[in-house]
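As structure tokens, the structure follows; a few thoughts come after it.
Values quoted throughout were computed directly from the atomic coordinates according to the rules given, and no laboratory measurement underlies them. Bear in mind the structure is a predicted one, so any value in this text is a computation, not a measurement. Every residue, glycine among them, receives a Cβ derived from its backbone with ideal geometry; neighbour counts consider all protein chains shown.
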Amino acid sequence: MSVDPDLAHPAGRPRYPGYNVLDQARHWDDVTKGVVLGRLGPPPPIRFFSPDEEAIVRPLVDRLLGMDEEPRVPVVEMLDAQLTERIGPGYRHDDMPDDWDAWKKSLKALDDESRHVYAAGFADLTPGQQRDILQKVQDTDGDWRGLPAAKLWTLWMRSVCQHFYAHPWAWNEIGFGGPAYPRGYKDHTLKSSREPWEVAEVDAFDPEPWAQRVEKAKRRQQ
Amino acid sequence: MNRVRRRNESAWLIPKGDERTNHRLRADMRRFEDADEVDVAVVGCGAGGGVLTQRLARAGWKVVAFDAGPFWDPDADWVSDEAGSHHLYWTEPRVIGGDDPVPLGNNNSGRGVGGSMVHFAGYAPRFHPSDFRTYSTDGVGFDWPICYDDLEPYYRQMEEELPVAGQRWPWGKPHSYPHSPHPLGVDGELFLLGCQRLGIDARVGPVAITNGRFGNRPHCIYRGFCLQGCKVNAKASPLITHVPDALAHGAEIRPNSFVSRVAIGEDGRAAGVVYWKDGKERFQRARAVAVAGYSIETPRLLLNSACERFPDGLCNDHDLVGRFVMVQGAAQTAGRFEHEVRMYKTPPPGVSTEAFYETDETRGAKRGFSIQTVAPLPIAWAEHVASEGHWGHVLREYMKDYIHWASLGVLCEFLPLAHNRVVLADETDRHGLPVAKFLYSQCDNDKALMKAGTQAMKEILAAAEADDTVTINRYAHLVGGCRMSADERSGVVDHTLRTFAVPNLYITDGSVLPTQGAANPALTIMALAARAADHLIATGGRS
């Protein structure tokens, strides 16, 4: 077993040090403020996932989003609330169950796969083992344990990204300016692309070559 | 009073100052009883239904426009936030299938007064003259029963009423726009630069966003949340461009009212609509009915309105209802630049080129494509990054690089095909009505165009000195499903949008389009509705 390539990831380094989009909240309209700041309050209790499912979905979400440590964006809680309320995307693939059933089915499938490969539940695997299982799902053509693999992967990624990148902490991480009503933006040209309150980045780098190395290494280990 | 205001006073009926909704106008709205026989019941208050309602109300007709969703107030109901805007989309159950299933919801389906234009980007191009006769000139698609010249005056009217901002337009039939082009974001500047270096003509616009004051509508503030509903009232949707004038002329907008069936009387004419409101099933009498529920719900409503005379669905004697539904191939390619871009600023719609719009045999395909700036916000951008297969720490690193990327979108003219259709699914909604199932599969011509379009975007980005690109394959827009034609054996409605089968039933939305061009459809849908209204007014709806 070679070194876990993800250990070398630079994700821990902030790219926009000191930037806090919430400093601008006083300039947002009240309705937007209510919606965005609501995401910072205590998340609702888990209602959709059973305890067994919760134990699987937490590491799943952490691996898909590369969330290794606290404080975490409460993606699992946000996802649980959405599934509890049956808020769907407005369509269902004819060869897939509804999102809520697909989530439950996929968690059971992950656990079955994990017991088959490692003789242990998904929740009890190391992060590296969990990633290996997920890599296999992503690389599967066609069916994976009764679900179309590509559509399942899209459902997972769409769901977790939708909640993670709705959170102001994630906006700080990527340097996004956030809500802009009623103030708007005024610095939007090549000559001047940054509002006075936006922060310049440090250690900018093109992710492409690094991403290629990591992703190739992950697949080589399979 | 200026010419536009004499035709449509909406922009002057919006309050001055910081409030975005004329609450007085809504409180004073005329309200009809179910038992009143109104002149027209309009089903759906988006691009088609909104314009039709305004035109007919102004001509003195008694009109009720139903919408399944809310009567939005931009101040109270909309936010400057991606995830918080999910309620703008039609998220009732629907099923998708075929070889190339098309996601619905936030991609192409609106709800509430204003329809999908509430969350459309704002591009408002015209179709080209060639779009109206693709079968004659290219041997693909279908010939419309009207030509460009029939629609041109209505294009001009709508461009004035939205209003549309842009440079002089050199493509199709050249024309100019009432408002001057908007200042650009960095992504727009880079698009122009790339095109200029390759000798490709590209222009700023055409976008339905005020540039300068228009009536009481303010100037755009370049905040970039056009797809989340414009809180500024700068971007056009029928909610602000046509509904206020309709109210002032005695129309009723009946929100949160889901029409489940068009009722046909013993005389074979439409007698009114059955609808659900507040949990009760009700019936509105009407002298005529105009369906404007867009390409999924309009066919579904007709199919769900089967009756003794029409056992296979209303107006479906020739198995044409729900067929020839089209989406545009809308891959998006983003390029990475060394310097900051911050594409979230300024409206996503900025610059377009229609230089690839017409057939070019060297592409190995008929018809063509347009390229436009698109500028996804973080959640949409994460979908781009994830679609390239990135996840975990790699995804996070890509996302941290967000401010370096500029994104372009292509709109490929996919062809109308009979097997791309809406049918009824086995499952039902909460009213017990079968939901729509939308089957979609591309043909070889579609695939070749998508490939050529993606390649062109990569070349433009490379010419602007992008060092990397990512591409997501996706679709945009919906049209067709009840196409217009010269005769009832090849279409559902005639050139006045009247159904061949029921003399007082009209379809006034995007589902009547026989082909889709490589242009965003909103302006054409509005122009067709305005033209249909003129025919109705001229004939008094007599048949």
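The slack in the chain from A:Q129 to A:K151, taken as 0.36 nm per residue of separation less the alpha-carbon distance, amounts to 5.7 nm. Cβ-Cβ distance of A:K216 and B:K451, R₀ of 35 Å, FRET efficiency by 1/(1 + (r/R0)^6): the value works out to about 0.85.
Remark: mean inter-chain Cβ contacts per residue of A:29-36 equal 5, using a 10 Å Cβ-Cβ cutoff to other protein chain atoms. Output the relative contact order of segment B:309-431, whole-number percent, from Cα pairs under 8 angstrom with separation of 6+ residues. Dividing the mean separation by the residue count of segment B:309-431 yields 41 percent.
Residue order for A:I87, B:I240, B:I264, fewest other beta carbons within 10 angstrom first, comes to A:I87, B:I264, B:I240. Please list, by residue number, every one of the GluC sites (Glu not before Pro) in segment A:75-168 that is coil in DSSP and has at most 13 other beta-carbon atoms within 10 Å. Here the sparse-neighbourhood loop sites are A:E85. For the options A:D99, A:D112, A:D23, a Gaussian network treatment of chain A with springs between C-alpha atoms closer than 10 Å singles out A:D23 as fluctuating the most. Describe numerically, in nm with one decimal, the distance between label points set 7 Å from Cα along Cα→Cβ at B:K16 and at B:D73. For the pair B:K16/B:D73, the computed spacing is 2.2 nm. Over segment B:3-539, what is the relative contact order in whole percent, taking alpha-carbon pairs under 8 Å and six or more residues apart? The value is 23 percent.
Each Lys and Arg contributes +1 and each Asp and Glu -1, all at the Cβ; summed about the Cα centre of chain A, the dipole is approximately 340 debye. Label sites at B:E427 and A:K108, each approximated as a point 7 angstrom past Cα along Cα to Cβ, lie 1.7 nm apart.
Counting only lysines at least 8 places from A:K186 when in the same chain, those with an alpha carbon closer than 22 Å to its own are A:K33, B:K231, B:K235, B:K345.
Add +1 for every Lys or Arg and -1 for every Asp or Glu among the other residues with Cβ under 10 Å from the Cβ of B:D187, and state the total. Please list the in-between numbers first.
Working: positive: B:R342, B:K345; negative: B:E189.
Local net charge: +1.
From the alpha carbon centroid of segment B:1-62 to that of segment B:327-390 is 36 Å. Note on segment A:5-220: along the principal axes its Cα atoms extend 55, 40, 32 Å, ordered by decreasing extent.
Membrane-span-like helices of chain B, defined as complete DSSP H segments with a Cα extent of 27 Å or more along the helix axis and a mean Kyte hydropathy of at least -1.0, are identified as B:444-463.
Per DSSP helix of 4 or more residues, -39500 (n - 2.57); summed, then divided by the residues of chain A. What does that give at 222 nm, rounded to the nearest 500?
Working: 8 runs with 103 residues, N = 222.
Dividing the helical sum by the residues of chain A leaves -14500 deg cm²/dmol.
Relative to the Cα centre, the charge distribution of the protein assembly as shown, modelled as +1 at Lys and Arg Cβ and -1 at Asp and Glu Cβ, gives a dipole magnitude of about 1820 debye.
Spin-label pair B:E488-B:D34: with each label point 7 Å from Cα along the Cα-Cβ axis, the two points sit 3.1 nm from one another. Working note: Cα atoms of chain B, range along each principal axis, descending, whole Å: 68, 52, 47.
Arranged by the count of other C-beta atoms within 10 angstrom, fewest first, what order do B:I253, B:I537, B:I460 take? Walk me through the numbers before you get to the answer.
Details: B:I253 23, B:I537 15, B:I460 26.
Fewest to most other Cβ atoms nearby, the residues stand as B:I537, B:I253, B:I460.
Summing Lys and Arg as +1 and Asp and Glu as -1 over all other residues whose Cβ lies under 9 Å from the Cβ of B:K62 gives a net charge of -2. Between B:Y177, B:V385, B:H495, the Cα set farthest toward the positive side of the dipole of chain B (charges on each charged residue's Cβ, about the Cα centre) is that of B:Y177. Shown for B:M343, B:M484: other C-beta atoms within 10 Å of each C-beta, ranked fewest to most, produce the order B:M484, B:M343. Its DSSP H runs of at least 4 residues, each contributing -39,500 (n - 2.57), put the calculated 222 nm mean residue ellipticity of chain B at -7500 deg cm²/dmol, to the nearest 500. Packing order of peptides A:127-137, B:394-404, highest average first: B:394-404, A:127-137 (average count of other Cβ atoms within 10 Å over each peptide's residues). Charge dipole (Cα centre; +1 on Lys/Arg Cβ, -1 on Asp/Glu Cβ; no other charges) of segment A:36-95 amounts to roughly 240 debye.
Could you compute how fast the protein assembly as shown diffuses translationally, taking Rh as the Kirkwood radius over C-alpha pairs and applying Stokes-Einstein at 37 °C with viscosity 0.692 mPa s? Give it in µm² per second. Mind showing how you got there, number by number?
On the way: Rh = 26.7 Å.
Calculated translational D: 123 µm²/s.
For a straight C-alpha distance cut-off of 17 angstrom, the lysines reachable from A:K108 (same-chain residues fewer than eight places away being disregarded) are A:K136, A:K151. Across peptide B:437-443, the mean count of Cβ atoms from other chains lying within 10 Å of each residue's own Cβ comes to 1.
When the charge dipole of segment A:77-212 is built from unit charges on Cβ atoms (+1 for Lys and Arg, -1 for Asp and Glu) and taken about the Cα centre, the candidate among A:L79, A:A204, A:L125 whose Cα reaches farthest toward its positive end is A:L79.
I want the local charge near B:E33. Using Cβ-Cβ distances under 14 Å, sum +1 for each Lys or Arg and -1 for each Asp or Glu among the other residues. Write out the running numbers ahead of the final one.
On the way: positive: B:R30, B:R31, B:K62, B:R254, B:K277, B:R282, B:R285; negative: B:D34, B:D36, B:E37, B:E252.
Counting the neighbours of B:E33, the net charge comes to +3.
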